[in-house]
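Worksheet for the structure shown next.
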Amino acid sequence: MSEQEKNQAVASVSGGCGPLFPCTDMPESQWGKMTWKQTFKMMGPAVIALGGSIGGGEWLVGPALFVKYGLILLWITTISTTLQTFLNLEMVRYTLVTGEPITIGFMRLKPGKQFWGWLFTVAGFVERAMPGWALACATAVAAMQLGRIPGLEDKPLVIFWGYFIFIGLGILLAVGGRVEKILEIVHWLMCATILVGLLIIDLFVAPATLWWDALTGYVSFGKIPPGIDILLFGALVGYSAYGGFGNNCLTNWYRDKGYGMAARIGYIASAIGGKEIHVTPSGMMPPPTKENVEHFKGWWKLLNFDQWAIFWVGGLLGMALPGILYVSQIAPGTKLASWGIAVAAAEHFGTLGFYMIAAMGFWILFSSAMSNIDLVPRQCTDMLWYSSETVRKWAKNDIRKVYYGLLVAVIIWGTIYVNITLPLIILAISANVANFTMALSAILTVRVNRKFLAPEYRPQVWRELILIFSFLFFGLFFTIFILTQFLGIKM
């Protein structure tokens, strides 16, 4: 009997594989044997997510709310970031065991791959394929060009830079070896420089009382200032940490990073400098032998370190540090200018400080825009690669043709949408749609892990209960968004 036949025999008894997933052993994680340098080399996906999150929510939505209502709203970040971390872990659990991104797992559920594929594609385009990040980034460029905060009269200049940045990001994603690696390098640089830079600036400019306000804000659960903007409040829920389609795309980046069974699947290579990589349309499953379960536990420990040490801690700091900066410099109750939120704090630091803060805002929003422009074509590519043999034949098994074709479509969509409304409003709508995506993903992840994973790989019941609470929490805020913004119900 061959090794594969032995694995299939074990799987048929233990419920490990079955006809949907070919059986093969899981690679060892090397957790506990790696140096710190090797460990940090494996921590890219959480850094990409953190870098993508310190932008729309942390640099735009958060400051707009904190300046007007105070840092007491940070409790929303505590809840949202914690729930998202658990959601990330349980979605990546599926990827560790099968090698597939979580959206492919969703497509295996009833009513079928066409339904879920179209639903997540539409949600992804509405939520993330919008130019809000690039447009907000453009306000920082315009500010440095003008030497002041852009106003409504400067809209043409901001939109010009929005076009330039949006298209430039697409070109940047085409260069290198592995797209995930390009994103990883950019976001390591951004997170290291921005978080350290913000911490140093805040220590110099913010009084101790503001730091205390931030700490108490993290645990002031349920406190909502009267008259709060419901659209922005829901956006703070959705875009604290990463939010929505971005969380789902974490599983695609872990796949490309080679976590667990993903090492057997392949990755999306760059168009320029990358080589053709065969990406299998479906995942594989390790039979629940003692050795495979031990390997899974090693990957699970590495994943938890990545998520809690980088994503969770960084998510909490990433919302608080810009908030402290803005609240320390701008009078409480101020409504920030819609075309200048990205640089609103800059005018309080003199000429040199103005350009320094504006450059910081540009770098934060640039890296956020880069990850966000990637994640929609990335997930849509993987969904098409799994569901359509016709697409695979058209691409001649080169997944890059699909990815870069969709990337061009996203850029065209973004350049059309860039003129519709204000950057902050675009981001607020996107963030509220993210609440829908997270609620749906949470409940579907419970179903997927119960249906396809062997008992040895499934989560404990208390973890499933947290996902059910996530479904209710994020679903509540999306429902409020629909009631207030589309049905005119006041709250």
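For region 100-115, a residue qualifies if it is farther than 20 Å from Leu407 by Cβ and within 19 Å of the chain's Cα centre (by Cα), and the qualifying residues are Glu100, Ile102, Gly105, Phe106. Looking for something over 25 Å from the mean Cα position of the chain (by Cα), of a type outside the set (Gly, Ala, Ser), surrounded by fewer than 19 Cβ atoms within 10 Å (Cβ to Cβ) and part of a helix (DSSP H, G or I) - is there at least one such residue anywhere in region 116-132? Among the residues of region 116-132, not one is over 25 Å from the mean Cα position of the chain (by Cα), of a type outside the set (Gly, Ala, Ser), surrounded by fewer than 19 Cβ atoms within 10 Å (Cβ to Cβ) and part of a helix (DSSP H, G or I), which makes the answer no. Please determine whether any residue of region 61-78 is within 14 Å of Val313 (Cα to Cα) and within 13 Å of the chain's Cα centre (by Cα). So far as region 61-78 goes, no, none of its residues is within 14 Å of Val313 (Cα to Cα) and within 13 Å of the chain's Cα centre (by Cα). Cβ separations smaller than 6 Å between residues 6+ apart or across chains give the following pairs from region 358-385 residues that are under 13 Å from Glu58 (Cβ atoms) to residues that are aromatic (Phe, Trp, Tyr) and assigned to a helix (DSSP H, G or I): Ile364/Trp59; Leu365/Trp133; Ser368/Trp133. Among the numbered conditions (1) assigned to a loop (DSSP other than H, G, I, E, B); (2) over 30 Å from Gly350 (Cα atoms); (3) not β-branched (Val, Ile, Thr), the only one that Pro150 does not meet is (2). When Ile468 is tested against (1) crowded, with 20+ Cβ neighbours inside 10 Å; (2) more than 13 Å from Tyr94 (Cβ to Cβ); (3) of a type outside the set (Gly, Ala, Ser), just one condition goes unmet, and that condition is (1).
Conditions (1) among the polar types (S, T, N, Q); (2) at pLDDT below 85, marked per residue:
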{"position": "Val237", "(1), (2)": "no, no"}
{"position": "Gly244", "(1), (2)": "no, no"}
{"position": "Asn247", "(1), (2)": "yes, no"}
{"position": "Trp253", "(1), (2)": "no, no"}
{"position": "Lys257", "(1), (2)": "no, no"}
{"position": "Gly266", "(1), (2)": "no, yes"}
{"position": "Ala269", "(1), (2)": "no, yes"}
{"position": "Ile272", "(1), (2)": "no, yes"}
{"position": "Lys275", "(1), (2)": "no, yes"}
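Per-residue answers, yes or no, for (1) touching a Leu at 6+ places or on another chain (Cβ under 7 Å); (2) aliphatic (A, V, I, L, M); (3) surrounded by 14 or more Cβ atoms within 10 Å (Cβ to Cβ):
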| site | (1), (2), (3) |
| --- | --- |
| Leu152 | no, yes, no |
| Lys155 | no, no, yes |
| Ile159 | no, yes, yes |
| Leu173 | yes, yes, yes |
| Leu183 | no, yes, yes |
| Val196 | no, yes, no |
| Asp202 | yes, no, yes |
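For region 199-221, the set of residues classified as closer than 24 Å to Ala431 by Cβ and under 25 Å from the mean Cα position of the chain (by Cα) consists of Ala214, Gly217, Tyr218, Val219, Phe221, listed by residue number. Determine which member of the set Trp299, Trp253, Trp308 is hydrophobic (A, V, I, L, M, F, W, C), buried (at least 21 other Cβ atoms within 10 Å of the Cβ), under 27 Å from Glu58 (Cβ atoms) and within 22 Å of the chain's Cα centre (by Cα). Answer to the check: Trp253. Screening Gly177 on (1) out of contact with any helix residue (DSSP H, G or I) (no Cβ under 8 Å at 6 or more places or on another chain); (2) closer than 27 Å to Tyr386 by Cβ; (3) of a type outside the set (Ser, Thr, Tyr); (4) modelled with pLDDT of 80 or more shows it passes everything except condition (4). Summed over region 82-111, residues that are surrounded by fewer than 24 Cβ atoms within 10 Å (Cβ to Cβ) and among the polar types (S, T, N, Q) total 2.
The values are calculated or read from the model by the stated rules, or taken from the named source; none is laboratory data. Predicted, not measured: the structure shown is a model, and the values here were computed from it. Note that each Cβ is placed from the backbone with ideal geometry, even for glycine, and that neighbours are counted across all protein chains shown.
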